[in-house]
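Visitor: I'd like to ask some things about the structure below.
The values are calculated or read from the model by the stated rules, or taken from the named source; none is laboratory data. Being a predicted model, the structure only gives us computed values, none of them experimental. When we count neighbours, we look across all protein chains shown, and the Cβ atoms used for this are built from the backbone with ideal geometry, even at glycine. The accessibility values were calculated without ligands, DNA or RNA, using every heavy atom of the protein model including side chains. Shrake-Rupley method; radii C 1.70, N 1.55, O 1.52, S 1.80 Å.
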Amino acid sequence: KFDGLAINLRYEQGVLMQAATRGDGETGEDVTQNIRTVHAIPLRFITASPPAVLEVRGEVFMRRPDFEGYNARQRELDRPTLVNPRNGAAGSIRQLDPRIAAERPLSFYAYGVGETRGWRMPSRHSEVLDALAAFGIPVCEHRVVAPDAEALAAFHAAILAGRDALSFDIDGVVYK
């Protein structure tokens with residue numbers, strides 16, 4: 001579970017049309033202009049035949065090395081630094097001025113989908129993530145398809161053991 005800001009991206013005919021925060025679960029804040037500045041998020045799919053509508057759910061976050069580099073540059077310029085990567089990502093996306101968001105080193109990983117039209121969603125979650133990656137949307141490489149509970153527990157143990165070596169912060173592991 002990535003430690004950042006949950007975002008819903010709405011693509012129509014493979015073009016990013018709108019981005020919103022999760023908000024209260026019903027209504028989110030429109031952050032389209034700021035999301036357009038996140039280089040990891042494609043403005044267009046890389047496929048010739050995109051679905052009519054595909055809502056992509058994911059997390060905007062800041063990798064630790066990017067956070068540290070950003071803060072080092074800010075200190076050199078005698079400007080305010082960010083408190084932590086999570087607040088840095090969330091605050092960047094909620095800025096009123098997209099130029100500020102564009103200056104921040106933000107990343108994105110997709111983890112699911114919302115509304116779809118003109119797309120036959122794969123039956124397995126791993127296949128959904130593979131399909132999103134084929135559209136050019138970044139997904140996390142730290143994932144497995146496990147055959148049983150023992151393998152899931154082993155994956156959890158491996159993530160826990162390597163947690164500090166990840167380039168980004170996590171809140172835990174999600175099983176689907």
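Table: residues versus (1) acidic (Asp, Glu); (2) farther than 24 Å from residue 129 by Cβ; (3) modelled with pLDDT of 90 or more.
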{"position": "24", "(1), (2), (3)": "yes, yes, no"}
{"position": "30", "(1), (2), (3)": "yes, yes, no"}
{"position": "39", "(1), (2), (3)": "no, no, no"}
{"position": "53", "(1), (2), (3)": "no, no, yes"}
{"position": "61", "(1), (2), (3)": "no, no, no"}
{"position": "72", "(1), (2), (3)": "no, yes, yes"}
{"position": "79", "(1), (2), (3)": "no, yes, yes"}
{"position": "84", "(1), (2), (3)": "no, yes, no"}
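Visitor: Determine whether region 115-130 contains at least one residue that is in contact (Cβ under 8 Å) with a residue 60 or more places away in the chain, in a loop (DSSP other than H, G, I, E, B) and of a type outside the set (Phe, Trp, Tyr). Show your work before the answer.
Guide: Just the residues of region 115-130 that are in contact (Cβ under 8 Å) with a residue 60 or more places away in the chain, to begin with: 115-119.
Now restrict to residues that are in a loop (DSSP other than H, G, I, E, B): 118-119.
With the extra rule that they be of a type outside the set (Phe, Trp, Tyr), the set shrinks to 118.
So far as region 115-130 goes, yes, one or more of its residues are in contact (Cβ under 8 Å) with a residue 60 or more places away in the chain, in a loop (DSSP other than H, G, I, E, B) and of a type outside the set (Phe, Trp, Tyr).
Every residue, every condition in (1) touching a residue at least 60 places away in the same chain (Cβ under 8 Å); (2) open to solvent by 30 Å² or more (accessible area, probe 1.4 Å); (3) under 22 Å from residue 33 (Cβ atoms), yes or no:
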| position | (1), (2), (3) |
| --- | --- |
| 68 | no, yes, no |
| 81 | no, yes, no |
| 86 | yes, yes, yes |
| 89 | yes, no, yes |
| 93 | yes, no, yes |
| 97 | no, yes, yes |
| 101 | yes, no, yes |
| 106 | yes, no, yes |
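Visitor: Under 30 Å from residue 127 (Cβ atoms), touching a strand residue (DSSP E or B) at 6+ places or on another chain (Cβ under 6 Å) and in a helix (DSSP H, G or I): which single residue out of 89, 110 fits that description? Spell out the reasoning first.
Guide: Details: 110 fails: in a helix (DSSP H, G or I).
Result: 89 is the single residue among 89, 110 that is under 30 Å from residue 127 (Cβ atoms), touching a strand residue (DSSP E or B) at 6+ places or on another chain (Cβ under 6 Å) and in a helix (DSSP H, G or I).
Visitor: How about region 51-62: which of its residues are surrounded by fewer than 19 Cβ atoms within 10 Å (Cβ to Cβ) and part of a loop (DSSP other than H, G, I, E, B)?
Guide: 52
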